[in-house]
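Chemist: Have a look at the structure that comes next, please.
The values are calculated or read from the model by the stated rules, or taken from the named source; none is laboratory data. Every value quoted in this text rests on a predicted model; they were computed, and no experiment measured them. Quick reminder, even Gly has a Cβ in these numbers, built from the backbone with ideal geometry, and neighbours come from all protein chains shown. SASA here: full protein model, heavy atoms, side chains in, ligands and nucleic acids out. Shrake-Rupley method; radii C 1.70, N 1.55, O 1.52, S 1.80 Å.
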Amino acid sequence: MVEGKKAGEGPRLEARGAEEAEESVDLEEASEDGSGVHVDPPSLAGAIPWHEEHGDRLCIAFAGGKGGAGRTLLAANLAVFMSRLGREVVLADLDPAGMNLHTYLGLDPLLPTPGSMLRPAGPPRVDKLAGLNLRLCRPPRSIDPSDHEMRAEVLTMAQSLEADVLILDLGLSADAFTLDTFQMAHAGVVVFAPEPAAMERGYGFIRAALFRRLLHGDDDPAVVARAVLAADHVGELSTPSQLVSALSGAHPHAAEAVRARILSFFPRIVVNMCRTRADAEVLEGAVSGLRRRWGVSADPLAAIDYDDAAWNSTRQRRSFMIEFPGSNLAQGIERVARRLLLTSTRRDLRT
Amino acid sequence: MSRDVQLDYYALLEVDPGAADEEIRRAYKRQLKRFDPSGVVVYGLYRKDELAALMRNLKAAHETLVDPEKRRRYDRSVFPEGHPSLRRADQRVAAAAPMPRLAAPADPVTAAGLTADTLFRGPALQKIREASHLSLEEIAERTKISMFTLRCIEADQFSDLPARVYMRGFLKQLAEILRVDGEKLLLDYLGGVDDWLSASPQRKWDPIPKE
């Protein structure tokens, strides 16, 4: 049942810094000769490893939101459902603070002994789930939340495994590794819940991802945008569209690139634990709010009903897709899966 | 200045530019509920002052779009070439016309190829009307001024105009429809009538209205 693999077997990766610098030059040239606007994600400063050769493999990342909104639960059950649809699925646990995917799948936790904590952690661990085309890739023991090396290793390992779908649980912190991996995925999903704290955290993560997309890196648009914002002492530029207007006078190319980056940012959102119709309407409300406030188009994947199947299945450490396939919760996951399987893996088609 | 992404009234209410009154009323109620300052949707997304601005914009959009007269004027000022999403259906027009500038409605006087100091007399008014794509029939229907009088105004046929007191009201209505300065129109046009009257003692402004 357990299929161990060494981290060293994953393909080696090159630093992406130099490559990204070239892309940013292309971007300027493209806008100058009027041949269209690049919508490539901005420089990620070589912070994370990422395989360009994904092939047709669909990568879905769950990140952000408030703890307890259901991110990990939904990621695990989406993986189960997709594997039951006949897809070969790899799940990766990249949540350093809440490494729990195994719990929702009925796998045992990896419990360290005091002695093992003193030795190096060793390679990530891969477990295959009985009766499913599903493997879980996770750190060999609980890790320090700042241990990005181990997270990168798990990601590399997960990417090296043969699969149709790769599902990542990135956790809720808005650190650079999480934000960049979220944006490199074909579909980045943020799970909201219809209560103020969860809304604030969900918006906060999307805002952090957007700002990183616009302002991080050494390419010209990001550098120019940072300079303009730094000069804005009164903080008047409170929306991305105001930033674009501010740039458009003296730096039309940067303005165009920033605008293209806003337009090509397409976070998916789920509102979980809806108890009333008004709760379910929060999904469309959040999409509308994100568009008005920041010009971000978000994809409303599903409003999922609050369901006893969640705690029931969690208590039993079983997937609700298997234990309660007729539940509202399971139907919500089916809606999410259908929408996500339509996602194109071609970056040039991303809108 | 609103901190919102700049949206026209239709986009603000999230309705189609062709939406009927009832749809606009429903959409307005839906947006008010959605962006209720005490609701969860806005929490962590808007500051209080930003939300107040959004509410004001929604209210202005609703008030304008449910009033047929205001809505016509708004449509014409913001989308002089027709609403972009309507034009998209018509590929020929879409290809030919540049995107309208949302914030700056075209000035009807310059649009008619006139300058600010052109005297507002018959021929100028006719040019402005034509540049605004308005027919005499349309104006007659909206203002209840007779077609005859409208033709006389545009032809500077002063002898057939109704009495001064009526003319003042008509010219004011005309200024509103043509979106030109009403004071200037009154001064210019009635000045023209006075010039015409004083040119010959035989000329009289018939005190009996021709309506």
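Chemist: List the relative contact order of the stretch B:108-198 as a percent without decimals, with contacts defined as Cα pairs under 8 Å and 6+ residues apart. Walk me through the numbers before you get to the answer.
Modeler: Numbers: 81 pairs, mean separation 27.9, N = 91.
So the answer I get is 31 percent.
Chemist: Taking a label point 7 Å from the Cα of A:Leu342 along the Cα→Cβ vector, which residues of the stretch A:74-97 have an amide N closer than 18 Å to it?
Modeler: Inside the label zone: A:82.
Chemist: Taking a 1.4 Å probe, which of A:His186, B:His133 shows the most accessible area, and what order do the others take after it?
Modeler: Working: A:His186 5, B:His133 145 Å².
Largest accessible area first, the list is B:His133, A:His186.
Chemist: Could you compute how much accessible area chains A and B hide from each other, both sides summed, with a 1.4 Å probe? Nearest 100 Å² is fine. Don't skip to the answer; put the middle values down first.
Modeler: Details: alone 15730 and 12760 Å², together 26590 Å².
The buried area between A and B, both sides summed, comes to about 1900 Å².
Chemist: Hey, how many Å between the Cα centroid of the stretch A:211-265 and the Cα centroid of the stretch B:16-31?
Modeler: Cα centroid to Cα centroid, the span is 34 Å.
Chemist: Would you please give the FRET efficiency between B:Lys144 and B:Lys59, computed as 1/(1 + (r/R0)^6) with r the Cβ-Cβ distance and R0 = 35 Å, to the nearest 0.05?
Modeler: The pair B:Lys144/B:Lys59 has a calculated efficiency of 0.70.
Chemist: Next question. Relative contact order of the stretch A:54-349: what whole-number percent is it, with Cα pairs under 8 angstrom and at least 6 residues apart?
Modeler: Normalised by residue count, the contact order of the stretch A:54-349 is 23 percent.
Chemist: From the C-alpha gyration tensor of the stretch B:108-198, pull out the three semi-axes of the equivalent ellipsoid (sqrt of 5λ each), sorted largest to smallest, in whole Å.
Modeler: 18, 16, 11
Chemist: To continue, here is another question. What figure, in Å² to the nearest 10, do you get for the accessible area of A:Ile322 with a 1.4 Å probe and non-protein molecules left out?
Modeler: 60 Å²
Chemist: A follow-up question, please. In the stretch A:159-207, what residues drop by 10 Å² or more in accessible surface going from the chain by itself to the full protein assembly, probe 1.4 Å?
Modeler: A:Pro194, A:Pro196, A:Met199, A:Glu200, A:Tyr203, A:Arg207
Chemist: Could you work out what % of the accessible surface of the stretch B:139-211 is carbon and sulfur, using a 1.4 angstrom probe and leaving DNA, RNA and ligands out of the count?
Modeler: Its accessible area is 54 percent carbon and sulfur atoms.
Chemist: Next up: Summarise the long-distance tail of P(r) for the stretch A:54-349 by giving the % of C-alpha pairs beyond 25 Å.
Modeler: Value for the stretch A:54-349: 49 percent of Cα pairs lie more than 25 Å apart.
Chemist: Taking a 1.4 Å probe, which of A:Arg119, B:Arg129 shows the most accessible area, and what order do the others take after it?
Modeler: Largest accessible area first, the list is A:Arg119, B:Arg129.
Chemist: Please report the accessible area of B:Arg151 (heavy atoms, 1.4 Å probe, ligands and nucleic acids excluded) in Å², nearest 10.
Modeler: 130 Å²
Chemist: So, one more: Please report, largest first and rounded to whole Å, the three semi-axes of the ellipsoid equivalent to the stretch A:202-343, where each semi-axis is the square root of five times an eigenvalue of the C-alpha gyration tensor.
Modeler: Over the Cα atoms of the stretch A:202-343, the ellipsoid semi-axes are 40, 15, 13 Å.
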